[in-house]
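The numbers here are math on the coordinates, done by the rules we state, and not lab data. Computed from a predicted structure; not experimentally measured. Heads up, the Cβs are rebuilt from the backbone with ideal geometry, glycines too, and the neighbour counts pull from every protein chain shown.
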Amino acid sequence: MQTLNLQVNGETHELSVDVRTTLLDALRQHLHLNGTKKGCDHGQCGACTVLVNGKRINSCLTLAVMHDGDEITTIEGLGGSDTLSPMQKAFVKHDGFQCGYCTPGQICSATAMLDEIKEGWPSYVSVSLVGEPELTSDEIAERMSGNLCRCSAYPNIVDAIIEVGDKS
Amino acid sequence: MKSFDYQRAETVEQATTVAAGKNASFIAGGTNLLDLMKLEVLSPDVVVDINRLDLNAIEQTDDGGLRIGALVPNSKLAADARVRQHYAVLSRALLSGASGQLRNKATTGGNLLQRTRCYYFYDTASPCNKRSPGTGCSALQGQNRLHAIIGASEHCIATHPSDMAVAMQALRATVEIEQTDGHRRQVPLQDFYCLPGTTPQRENQLESGELITAVHLPAPVEDSYQAYRKVRDRASYAFALTSVAAVTQIRSGTFSHVGLSFGGIAPRPWRDTEVEAMLLGQTPSRQLFEKAADRLLEEAQGHGGNDFKIPLLKRTLVAVLSEAANFGGDA
Amino acid sequence: MSMDEPDTRRRLDDMAQGLIGKPLDRTEGHLKVSGTATYAHEWAVADQAYGVLVRAPFAKGKILSIDKAAVLAMDGVLAVIDDDRLLRNPAQGTANEAPVQGAKDVVYLGQPIALVVAESFEGARHGAQSLSIEYDADESVAIDPEASDAQTEKPDEKQFSQGDVDQAMQEAAFTVDQVYRTPGHNSAAMEPHCAIAQWEENQLTLYGSYQMLKYNRNELADSLGIDAEQVRIISRYVGGGFGSKLGIAPEAVAAAIAAKELQRAVCVTLSRQQVFEAVMRRSETRQHFQLAADKDGVLTGLSHVSLVSNLPDETFAEPVGQATHFIYGGENRRIGLEVARLNKTCAGSVRAPGEAVGVTALENAMDELAEAAGIDPLELRLLNIPEKDPEQDVSFSSRKFRQALKQGAEAFGWEKRQPVPGQVREGEWLIGMGMASAARVNVLMQSEAKVTLSADGSVIVETDMTDIGTGSYTILTQIAGEMLGVPMNRVETRLGDTDLPSASGSGGSWGASSSGSSVFLACEDLREQLCRKLDCQSADLTLKDGQAIVRNRSHDLVELLGGESLQAVGIIEPGETSENVRQATFGAHFAEVAVNATTGETRVQRMLGVFSAGRILNEKTARSQCYGGMIFGIGMALTEELLHDPRDGHIVNRDLGEYHVPVNLDVPQLDVILLDERDDHASPIQAKGIGELGICGAAAAVVNAIYNASGARVREYPATLDKILPYLD
């Protein structure tokens, strides 16, 4: 067992985990933050997406012990059921989900993805690598392709993100 | 996943010392290592966390190139202004790989060392010479859509899955390695990987305990056409069925620089210097491109499920070279 | 109420609250977007142990022994269970009894043969991976349904013949005689199967992820050898089903056995790989079509003979020809089904069993017939819409099939399609258009709900219906709110618990109409109760915003109740309208694709679906269901395929990295048109199913568009680039 500190959604947690425990399982099973989902446990679906030090990652493919002292934001940190963030509200409005299982990962991913666009990061579909990327539906779809949704709310997810992106 | 001894290294020297001589793995991003450890395809006794090492910088080198620290994440590298401007092929290749989340975690060193996506390598119930030497290659007579058409052996037909390494090879990168004696050596990327032969379990030149510390890119090729053409089943988030990385320059109507590298078709990022030589100094023409592609594929061999890669690679290469020709140059 | 007569009153149209049909947000949306909706794995059950199932590493044979001792000696391991009650595979939808059980006889690679339970998930996983087993493998593994020595069955009740198709083929002006193949598919719901079992004395509570709780409860009880009354299943939120969670599955029975043995709660979750291997696949199909048409393109003969597969002793056989019976006319007809017995993962329902693959291949064959006859594909469909069911002397209940085709063609710009393939090129891309009809049988199932009109004027809806992303919470809330004249936020809908009245469950697209009807009937009863208080007829009572209005006089509902709560139970049952009319949903798909002239890669550029499915209860959730079906169709068309090892039959691409469901970039912005329709025969709320219609035929529109773009006629799904390359210059 290893002990470590995680700053999760602004709160410090000291926990003691098996070295094999992923960040995802630490969040779910040790901190009971069940908003972050396990869909594949192999980085192939994106349901476990959280923000670590502001960047989106798959929490299933990293060990909790590797994150001692890191700042982690989960869906619970973006907004509660009565304090929804603009992105969460937009997902409800545009029906950017059905079963809801991939949804927290989609929302964490979308939130961080807009920051990546603001920082000027290009994507595979960017026509030019230099200059500011645009907020087109193709750009969003490519950047969100690491988040599978089998209910296939993709068109609605893109609409929700465009609405939030346009406002910010 | 078997339990292991977790060690956090504070210095490169400490990392190599802890790992040397043991069944040890370095962990950086962990995006492929943990994937494989969960399935017990890999079961290291010691896992050395190298994330706190000072290998996270992209620096200009004296010869006008770049030194990319081994821990630089794929996303940071792809977004680096110098890379975008002068090494576009690398940006494009990185951005074509995996997903936004994975690129934030996956590192430069780790990407070079990622393992094949062969279905049978991933399944401990199947024979696999790469995973369990001597058990046989299941893919040879099995499902082999993803598999190699060049450079494979009867012992293993797995492909190397990296996009990044393909682009780096086209840029003629070198790998900087920290040896366990504290010295560093540089190995050209094209010499870094091994072909499977009779020992598919050995994939590269790293000795026990050795750590990749950086990748060096030479000075950029001026006025070059650079492209990374990746062909895959899904529009995104899928490994390459075949890919072509090209860095070419045309002066006075002929190719004055040709850097080509291929992914998804061989056990390693593939380079064929004869093909490059055939093109160098020549006037671009479709006929020339087809000849070059035929040369590249002279010894290509399909295994049923992957036969299509032979015409696919030819078509893709000819298309990329045609675009390179149209890009022109000073002539 | 038994649905014996069409309900032409259309009572929902008379209501005043204005909720029905509106594109309202999901009532549980705020919980899902904040990560606070509780899925199976997330119940805070104290002192849980974790179980991980062990897979058979061989395809056929017998387990001789398991070395439990070595694993039991591992740190934290609590038990190794190889009880004979473990499930070989999940129960089929509506089975209502245990599926085949037993952990010793192995019939497919990946079959669960034991459960390792430990204090931690990590410990259980490693224990399961370490379990050493001795077995006797039988080399005669059956994998290919088309192999010459394949053992096949032709169930009598699945063969249909009318007239003489062979003669029709001989006499026809135009024919198509082709074989199409579709590979196996996986539902790939995002939430892997999970069950937490907890016993109190002899009462079992199972927190699970299942679609049809009333059946699941009986299946679980039967599997364990206990009474159904001893079982309670809770599935408040289900992270997608698509058929994979219709029946009780191995994790539930394993968790229940382990929890009993250990006297503590046990949580068993399937890994993604296990979801592929040990749940359900859609069978691969071989479909032989013979279409005969006269000189005008009118069908005179239609033969659709299919070969599918399943494990030994499974009664389910993919009903490939289900909609072929009624979509198109044609005097001479033959629809047949053959099942091969194989040693491959169990075959079962995956979204729209039957039509998803059957209508799709039919629509490819129709595209070929259109070309052979020199008739526009759209015209060919319009020409062959039968007046009545072509095999029985019954009418269609409601069917805006013709309108769907016509309106879709106009909205899509079908007239711009070039009839000759390969005519439109944009740079490196070849552009083409394709279309297909959509059809899916409509079914009503028994369903029960209790509705309480509380003294404070709020409403509680209770039924053990599930919401698997379909919108059950929302539409049931809308129906109750509409009927009782209260706003959405005054209705609480409680689902997913077998302690509540038994519902139809979610499957076969029947959930909304069946459970919706039960809520409707309970509300009608409550309205009668209010009428008695007001001494009026139900038709004269208007309920809106908590007011009861009769004869132009408004009564406050709370005052009217006078401190009393009213309660009613509604039960709907299928009746004679299931037999005396043909009930189905219809539609049309239109797709525009770009095929890369160099590589053969296909990207869908535009897609439109027009659907006729009775009353639409919520335009927003219904539209999302249609998107979902159409996108499943894109996956089917372009990428989805279970690859089996040719020697042991195991699924080699058993993860989401190599089984390619569509990603966001695979999907263009889609359009859906929902036609305004009421089906009085289908249900008292005039609604039919819509959850599966969107997939039926969708892939054919894409593949037909590939042909139009490139001249590549792909008859083996999916249309990956290797199948297109040979057609390119």
Most mobile of B:Q186, B:Q85, B:Q226 per a Gaussian network model of chain B (Cα springs, under 10 Å)?
B:Q85
What whole-number volume per residue, in cubic angstrom, does the convex hull of the C-alpha atoms of the stretch A:86-167 give?
77
Report, by chain and number, residues whose modeled amide H sits under 5 Å from the one on C:S2, excluding near sequence neighbours (fewer than 5 apart, same chain).
C:E573
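Of all GluC sites (Glu not before Pro) in the stretch B:152-189, which ones are in loop regions per DSSP and have a Cβ with at most 14 other Cβ atoms within 10 Å? Mind dumping the intermediate values first?
Numbers: sites: B:E154, B:E176, B:E178; in loops: B:E154.
Answer in residue order: B:E154.
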Need the list of lysines near A:K89 for cross-linking: C-alpha distance under 24 angstrom, and skip anything on the same chain fewer than eight residues off.
A:K37, A:K38, A:K55, A:K118, A:K167, C:K22, C:K32, C:K620
To the nearest 20 debye, what charge dipole does the protein assembly as shown have about its Cα centre, counting +1 at the Cβ of each Lys and Arg and -1 at the Cβ of each Asp and Glu?
1640
Give me a comma-separated list of calculated 3J(HN,Hα) values for the stretch A:33-43, in order, Karplus coefficients 6.51, -1.76, 1.60 applied at θ = phi - 60°, integers in Hz, x for any Gly or Pro.
9, 8, x, 7, 9, 9, x, 9, 6, 9, x
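Volume per residue, Å³, of the convex hull around the alpha-carbon atoms of the stretch A:2-77? Mind showing how you got there, number by number?
On the way: hull volume 5.4 nm³, N = 76.
Measuring per residue, one finds 71 Å³ for the Cα hull of the stretch A:2-77.
So if I average 1/r over every pair of distinct C-alpha atoms in chain B and take the inverse, what Kirkwood radius in Å does that give? All intermediate terms of the calculation are to be shown ahead of the outcome.
Details: mean 1/r = 0.0493 Å⁻¹.
Value: 20.3 Å, from the Cα pair sum.
Based only on Cα atoms, what Rg/Rh ratio does the stretch A:1-160 have, Rh being taken as Kirkwood's radius? Walk me through the numbers before you get to the answer.
Details: Rg = 15.9 Å, Rh = 16.1 Å.
Reported Rg/Rh, Kirkwood definition of Rh: 0.98.
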Would you calculate the separation in nanometres between label points at C:K388 and B:S43, each defined as 7 Å from the Cα along the Cα-to-beta-carbon direction?
7.0
In the stretch C:84-150, which GluC sites (Glu not before Pro) fall in coil by DSSP and have 10 or fewer other Cβ atoms within 10 Å?
C:E139
Short version: what are the Cα gyration tensor semi-axes of the protein assembly as shown, square root of 5 times each eigenvalue, largest first, in whole Å?
48, 37, 30
Using a simple spin-label model with points 7 Å from Cα along the Cα→Cβ vector, what separation in nm is obtained for C:S2 and B:T199?
7.9
Can you give me the Kirkwood hydrodynamic radius for the stretch C:103-168, using every pair of distinct Cα atoms, in Å to one decimal?
17.0
Report, in degrees rounded to the nearest 10, the 0 to 90 angle that the Cα long axis of helix B:309-327 makes with the longest principal axis of chain B.
60
Show the residues, 5+ positions off or on another chain, whose built amide H is closer than 5 Å to the amide H of C:R582.
C:S395, C:F396, C:S397
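On alpha carbon coordinates alone, what is the Rg over Rh value for the stretch C:1-100, Rh being the Kirkwood radius? Display every interim value, and only then the final one.
Numbers: Rg = 24.8 Å, Rh = 20.8 Å.
Ratio value, two decimals: 1.20.
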Equivalent ellipsoid semi-axes - Cα gyration tensor, the stretch B:249-326, angstrom
24, 12, 10
Need the list of lysines near C:K68 for cross-linking: C-alpha distance under 26 angstrom, and skip anything on the same chain fewer than eight residues off.
B:K2, B:K38, C:K60, C:K104, C:K260
With springs only between Cα atoms under 10 Å, which of B:R271, B:R286, B:R82 fluctuates most in a Gaussian network model of chain B?
B:R286
Cα radius of gyration and Dmax for chain C (Å)
26.4, 81
Which stretch or stretches of the stretch C:17-49 have amide N atoms under 18 Å from the point lying 7 Å from A:D82's Cα along the Cα→Cβ direction?
C:27-38
Rounded tilt (10° steps) of B:286-296 against the dominant C-alpha axis of chain B:
30
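Can you list which of the trypsin sites (Lys or Arg not before Pro) found in the stretch C:537-621 are DSSP loop residues with at most 13 other C-beta atoms within 10 Å?
C:R551
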In the Gaussian network model of chain B, springs joining C-alpha atoms below 10 Å, which of B:K22, B:K314, B:K76 carries the largest mean-square fluctuation?
B:K22
Could you give the angle, 0 to 90 degrees to the nearest 10, between helix A:154-167's Cα long axis and the longest principal axis of the Cα atoms of chain A?
80
What are the ³J(HN,Hα) couplings of the stretch C:487-494, residue after residue, when phi is run through the Karplus curve with 6.51, -1.76, 1.60 and θ = phi - 60°? Round to Hz, x for glycine and proline.
x, 3, 6, 9, 10, 10, 10, 10
Please list 3J(HN,Hα) in residue order for the stretch C:680-686, calculated via the Karplus relation 6.51 cos²θ - 1.76 cosθ + 1.60 where θ = phi - 60°; whole Hz, with x for glycine and proline.
5, 7, 6, 6, x, 9, 6
Quick check on chain B: helices-only [θ] at 222 nm, where DSSP H runs of length 4 and up contribute -39,500 (n - 2.57) each and the sum goes over total residues. Nearest 500, please.
-7500 deg cm²/dmol
Under-5 Å amide H pairs with B:A214, H placed in peptide plane, nonlocal only:
B:A70, B:E176
